[in-house]
Amino acid sequence: MIILSKLADYGVIVASHLAAHPDRQATAAAVAAATRLPPATVAKLLKALAHAGLVSATRGAAGGYRLARLPTAISVAEVVAAIDGDIGLTQCSVHATDCERTSYCPTRPHWAAINRAVGAALSAISLAEMIGPLAFMPPAQLFADPRMPKGEARTLMEEPPR
């Protein structure tokens, strides 16, 4: 199983919350309360997102955090990379020098292609899409189309069969 770190997952939740209200600033405490994440974790994530240039911070009594760009211009890949660093499914994908098998490993070139595909998939999804209506649609409705023959599937966004 391939799984994001808990911090990267929480980072996407925090960034998506800010994307849902791009015109407002929110304090770390308010984001923590709204997302039901631990305040210390949210503060750490907001700091990492700000360091990566994905959120901007304003100090002072009326301060807070907001996205630095429009939600359509920030990808899930950027958020994950801000929290976890480069996206890589294997150690050698990101840190080739840490693996003694790099020079003769038969799977290494294939992992690089897989990493590019995963990175492209995460790059193709914006924060705006993470908060869009399809984000909350049950998977069965996303892929089931009663007009399609059994065994075939398509998303509801595709053209209907003719």
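The values are calculated or read from the model by the stated rules, or taken from the named source; none is laboratory data. Keep in mind it's a predicted model, so treat the numbers as computed, not measured. For neighbour counting, all protein chains shown are included, and Cβ atoms are generated from backbone atoms with ideal geometry for every residue, glycine included.
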task: Working only within region 49-84, note down all residues that are over 18 Å from the mean Cα position of the chain (by Cα) and farther than 13 Å from Leu18 by Cα.
output: Thr58, Arg59, Gly60, Ala61, Ala62, Gly63
message: Return the pair list, or none, for Cβ contacts closer than 8 Å from residues in region 105-118 that are touching a residue at least 40 places away in the same chain (Cβ under 8 Å) to residues that are among the charged types (D, E, K, R) and assigned to a helix (DSSP H, G or I), at least 6 apart or on different chains.
response: none
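In the list Asp84, Asp23, which residue meets the criterion of being in the same structural domain as Ala124 (by TED's automatic domain parsing), of a type outside the set (Val, Ile, Thr) and touching a residue at least 60 places away in the same chain (Cβ under 8 Å)?
Numbers: Asp23 fails: touching a residue at least 60 places away in the same chain (Cβ under 8 Å).
So the residue among Asp84, Asp23 that is in the same structural domain as Ala124 (by TED's automatic domain parsing), of a type outside the set (Val, Ile, Thr) and touching a residue at least 60 places away in the same chain (Cβ under 8 Å) is Asp84.
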- prompt: Within the set of pairs 6 or more residues apart or between chains, which connect a residue that is in the same structural domain as Ala29 (by TED's automatic domain parsing) inside region 54-80 to a residue that is modelled with pLDDT of 95 or more and loosely packed, with under 13 Cβ neighbours inside 10 Å with Cβ atoms less than 7 Å apart?
  reply: Ala68/Gly53
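Is one or more of the residues making up region 144-156 at pLDDT 75 or above and loosely packed, with under 15 Cβ neighbours inside 10 Å?
Checking region 144-156: not a single residue is at pLDDT 75 or above and loosely packed, with under 15 Cβ neighbours inside 10 Å.
I'm trying to understand the selection: among the residues of region 70-86, which are under 17 Å from Leu45 (Cβ atoms) and part of a loop (DSSP other than H, G, I, E, B)?
From region 70-86, those under 17 Å from Leu45 (Cβ atoms) are 71, 74-85; that's our starting set.
Answer for region 70-86, where residues must be under 17 Å from Leu45 (Cβ atoms) and part of a loop (DSSP other than H, G, I, E, B): Ile74, Gly85.
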statement: The lone condition Ala28 fails out of (1) buried (at least 20 other Cβ atoms within 10 Å of the Cβ); (2) within 18 Å of the chain's Cα centre (by Cα); (3) not basic (Lys, Arg) is (2)
Those residues of region 71-83 which are more than 19 Å from Arg24 (Cα to Cα) and either touching a Gly at 6+ places or on another chain (Cβ under 8 Å) or of a type in the set (A, V, I, L, M, F, W, C) (or both), in sequence order: Val76, Ala77, Val79, Val80, Ala81, Ala82, Ile83
